[in-house]
1. Look through A153, A160, A172 and report the one residue that is of a type outside the set (F, W, Y), over 15 Å from the mean Cα position of the chain (by Cα) and not in a loop (DSSP other than H, G, I, E, B).
2. Give the residue that is farthest from H113 (Cα to Cα), with candidates limited to residues of the range 180-204 that are in contact with a strand residue (DSSP E or B) (Cβ under 6 Å, 6 or more places away or on another chain) and open to solvent by 30 Å² or more (accessible area, probe 1.4 Å).
3. Against the conditions (1) at pLDDT below 85; (2) open to solvent by 40 Å² or more (accessible area, probe 1.4 Å), where does S23 fall short? Just the number, please.
4. Looking at the range 180-193, is at least one residue under 18 Å from S84 (Cα atoms), touching a Pro at 6+ places or on another chain (Cβ under 9 Å), of a type outside the set (D, E, K, R) and in a helix (DSSP H, G or I)?
5. Of (1) at pLDDT 90 or above; (2) farther than 30 Å from V18 by Cβ, G104 satisfies all except one. Which?
6. Would a scan of the range 63-79 turn up a residue that is farther than 30 Å from E31 by Cα and either modelled with pLDDT under 80 or not aliphatic (A, V, I, L, M) (or both)?
7. Filter the range 80-98 down to the residues that are open to solvent by 10 Å² or more (accessible area, probe 1.4 Å) and in a loop (DSSP other than H, G, I, E, B), then identify the one that is modelled with the highest pLDDT.
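The values are calculated or read from the model by the stated rules, or taken from the named source; none is laboratory data. This one's a predicted model, so the numbers in the text were calculated from it and none came from an experiment. Counting neighbours? That spans all protein chains shown, and the Cβs are built from the backbone with ideal geometry, glycine included. What goes into the accessible areas is simple: the full protein's heavy atoms, side chains included, and nothing from ligands, DNA or RNA. Shrake-Rupley method; radii C 1.70, N 1.55, O 1.52, S 1.80 Å.
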Amino acid sequence: MAAETGTQAIDRAADLLVSVVESPRSLAVGELAERCGLPKSTTSRLVGALERRGLVQRAGDRRIVPGPVLLRFAHRSSGASLVSLAAPALRVLSDLSGETINLGVPTPLGVEHLAQEDSRHFVGGTNWVGRRVPYDSTANGKVLRAFSADRPADARAIRAKGYAIAVDELEAGLSALAAPVFGPDGAAVAALSISGPTIRLTRDRIAELAPALLEQARLVSERLGNHTERGAA
C-alpha cells in the first residue's frame, strides 16, 4: 500500500509540474488544483515539495511558475537558451567594466553560475561557472531574494535601487553588484553581476557601473518576454 501511495504522490506531482510548464500564464494554487482535480491542500503540499527542489517557484503575485532548475532549458524550443539570450549583455558589461561578469540562477542550495565573461585583469580572474554561492553574502543572491515572493525585511532598499551590492562579504577583497532578470510572468529568474577586487570595484565605481548593469538586465528580461516597467515597490 505504501508503494502505491508513493507512486500516486509522484504521479500527482508530475501532473502539477506538467500543468505549470504547459500553462501560457502563471497559475494560482486554486487554479492548479482545479486543473489537476486535486484538493487545494494536497496541491499546496505538492507545490511546496516541487518548490523546495527548484522545479517551480512563486512569482511576485505568489502564483506558480516554472522554477530555476527548468529555466536553463526554458527557451530551447525556440532555439535560444537563457545563457545565449544573456550572452550579448555579458559581453557589453565585460567590455565596459573590464571586470568579471556572471549570469546566475536561484536554486534551493544557493545561486548557481551558468555563464561568465572573464575579467581583462590578472587579479580577479576566478572561474565561477558551475559554482554555487550563498544568498546572504553575495550581490546576486541578495538581489534574487529581494525580488522573490518571500522577500526579506531589508529588501525594500534593494528594490528601490534595482540592484544589490556585496563588499567584502563573500570573502575579503571581493566586491560585486547584481541586477535581476525577469521572466515573462514577472519572476526574477536570474541575476547579472559584475564582480572584482574591492580595490578596483570601489563604491564610486559601483555607482558608475550600476546604470549599465540595470539596462542590460532589462534587455535580457525583454528577450525572455518580460516587458513590464518596474518601480521601486
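1. On the way: A153 fails: not in a loop (DSSP other than H, G, I, E, B); A172 fails: not in a loop (DSSP other than H, G, I, E, B).
Only one candidate qualifies: A160.
2. D185
3. (2)
4. no
5. Here G104 meets the rest and fails (2).
6. Yes, there is a match, as at least one residue in the range 63-79 is farther than 30 Å from E31 by Cα and either modelled with pLDDT under 80 or not aliphatic (A, V, I, L, M) (or both).
7. Once the filter is applied, the top-ranked residue is S81.
Residues checked against (1) open to solvent by 40 Å² or more (accessible area, probe 1.4 Å); (2) assigned to a helix (DSSP H, G or I); (3) touching a residue at least 24 places away in the same chain (Cβ under 8 Å); (4) more than 18 Å from L224 (Cα to Cα):
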| residue | (1), (2), (3), (4) |
| --- | --- |
| T7 | yes, yes, no, yes |
| I10 | yes, yes, no, yes |
| V18 | yes, yes, no, yes |
| E31 | yes, yes, no, yes |
| R35 | yes, yes, no, yes |
| T42 | no, yes, yes, yes |
| R45 | yes, yes, no, yes |
| G48 | no, yes, no, yes |
| G54 | no, no, yes, yes |
